[in-house]
Amino acid sequence: MSKSHSFLALSLAAVLAFSGQAFAHAHLTTSDPADKSVVAGSPASLELHFSEELNIRFSGAQITGAGMTEIKAGEATLADEGKTLTVPIPTTLDAGTYSVEWHVLSTDGHKTNGRYSFTVKP
């Protein structure tokens with residue numbers, strides 16, 4: 001194999017190796033309650049499922065209700081090999097629409113965040 005072919009092969013291998021890391025951000029795949037869902041009764045917790053393993057020290061969620069009132073949540077934990085962030089809701093949520101603003105740090109060091117909402121019906 002010539003030097004140029006060897007260089008090309010090594011370059012391609014490096015690009016493929018690093019491109020996998022570039023796409024390794026933790027993306028929200030599903031949530032419970034789901035985005036724009038209407039749930040009967042107050043959920044006991046939020047479950048946010050991500051595509052990558054999370055660092056719990058730098059991951060969490062904030063819940064707000066009517067008038068941007070912050071809902072006190074319990075301490076978040078990880079499950080499902082570190083890919084599911086569970087946030088307890090120790091208080092009963094009244095009927096209404098709630099926003100969830102989440103932020104996570106994947107174990108590979110990439111930060112992501114987002115927001116979704118759900119409605120509690122009486």
Q: Go through the range 78-95 and give me each residue that's surrounded by 14 or more Cβ atoms within 10 Å (Cβ to Cβ) and either on the phi > 0 side of the Ramachandran plot or aliphatic (A, V, I, L, M) (or both).
A: LEU78, GLY82, LEU85, VAL87, ILE89, LEU93
(Q) Condition first: without any contact (Cβ under 8 Å) to a residue 60 or more places away in the chain and either under 16 Å from LEU48 (Cβ atoms) or touching a strand residue (DSSP E or B) at 6+ places or on another chain (Cβ under 7 Å) (or both). Now tell me which residues in the range 112-122 satisfy that. (A) ASN113, ARG115
Q) If you check GLY74 against the conditions, is it of a type outside the set (Ser, Thr, Tyr) and surrounded by 14 or more Cβ atoms within 10 Å (Cβ to Cβ)? A) no
Q: Output the residues belonging to the range 50-88 that are more than 11 Å from the chain's Cα centre (by Cα) and charged (D, E, K, R).
A: ARG57, GLU70, LYS72, GLU75, ASP80, GLU81
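Within the range 99-106, can one find any residue that is more than 13 Å from SER31 (Cβ to Cβ) and exposed (fewer than 13 other Cβ atoms within 10 Å of the Cβ)? Break it down stepwise before answering.
Taking the range 99-106 first, the residues more than 13 Å from SER31 (Cβ to Cβ) are 103, 105-106.
Checking which are exposed (fewer than 13 other Cβ atoms within 10 Å of the Cβ) leaves us with none.
Within the range 99-106, none of the residues are more than 13 Å from SER31 (Cβ to Cβ) and exposed (fewer than 13 other Cβ atoms within 10 Å of the Cβ).
Each reported figure results from applying straightforward, stated rules to the coordinates on display, with no laboratory input. Everything numeric here is computed off the predicted structure, so don't read it as measured data. Note: ideal-geometry Cβ built from the backbone for every residue, glycine included; neighbour counts use all protein chains shown.
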